[in-house]
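The values are calculated or read from the model by the stated rules, or taken from the named source; none is laboratory data. Please read these numbers as outputs of a predicted model, since none were measured by experiment. Every residue, glycine as well, gets a Cβ built from its backbone with ideal geometry; the counts of neighbours run over all protein chains shown. Ligands, DNA and RNA are excluded from the accessible area calculation, which covers all protein heavy atoms including side chains. Shrake-Rupley method; radii C 1.70, N 1.55, O 1.52, S 1.80 Å.
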Amino acid sequence: MLVSAINTVEIHATQGRSREVGERVTHMLDVLNSTTQCIAYTLTADNSHADHWIVSGYWPSFAQMQAHFSHPQLNGFMELVFSGAISRIHFNSFVVETAEEGLRRVA
């Protein structure tokens, strides 16, 4: 399956709360991987900083990625911010190519 859109979340845990954040985010991704049309959600740890991660979601279409932004499981990121467990969070998304562009290249 081709990836048409990607969303990322860069997370910086508050000092001393890395384990809590890692466990919560891992659980959130398990739910999102089983309840959304995402090709895959992954969690990548920063080898040089134990309290930094990047969450990446890979989508077959931009529309499916946009639709998932209202998924209740995503409230978990804000709960971690409000609880003080996350000191910094950065969301990003972008389109790799639309399905129509991919079909035109093949034709």
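Please find, within the stretch 1-15, the residue that is nearest to SER70 (Cα to Cα) out of those that are in contact with a helix residue (DSSP H, G or I) (Cβ under 7 Å, 6 or more places away or on another chain) and either in a strand (DSSP E or B) or open to solvent by 30 Å² or more (accessible area, probe 1.4 Å) (or both).
It comes out as ASN7.
At pLDDT below 90 and assigned to a helix (DSSP H, G or I): which single residue out of GLN64, GLN73 fits that description?
GLN73
Would you be able to tell me the number of residues in the stretch 38-80 that are β-branched (Val, Ile, Thr) and over 10 Å from the mean Cα position of the chain (by Cα)?
Summing the residues that are β-branched (Val, Ile, Thr) and over 10 Å from the mean Cα position of the chain (by Cα) in the stretch 38-80 gives 2.
Is it the case that the stretch 41-48 has a residue that's surrounded by 13 or more Cβ atoms within 10 Å (Cβ to Cβ) and modelled with pLDDT under 90?
yes
In a strand (DSSP E or B), touching a strand residue (DSSP E or B) at 6+ places or on another chain (Cβ under 8 Å) and open to solvent by less than 60 Å² (accessible area, probe 1.4 Å): which single residue out of SER93, SER87 fits that description?
SER93
Could you check PHE62 against (1) under 15 Å from GLY76 (Cβ atoms); (2) surrounded by 15 or more Cβ atoms within 10 Å (Cβ to Cβ) and say which number it fails?
It fails just one condition, (1).
Determine the pairs where a residue that is in a strand (DSSP E or B), located within the stretch 32-49, has a partner that is of a type in the set (A, V, I, L, M) with Cβ atoms under 7 Å apart, the partner being 6 or more residues away or on another chain.
TYR41/LEU29; TYR41/LEU32; TYR41/VAL55; LEU43/VAL25; LEU43/LEU29; LEU43/VAL55; THR44/ILE54
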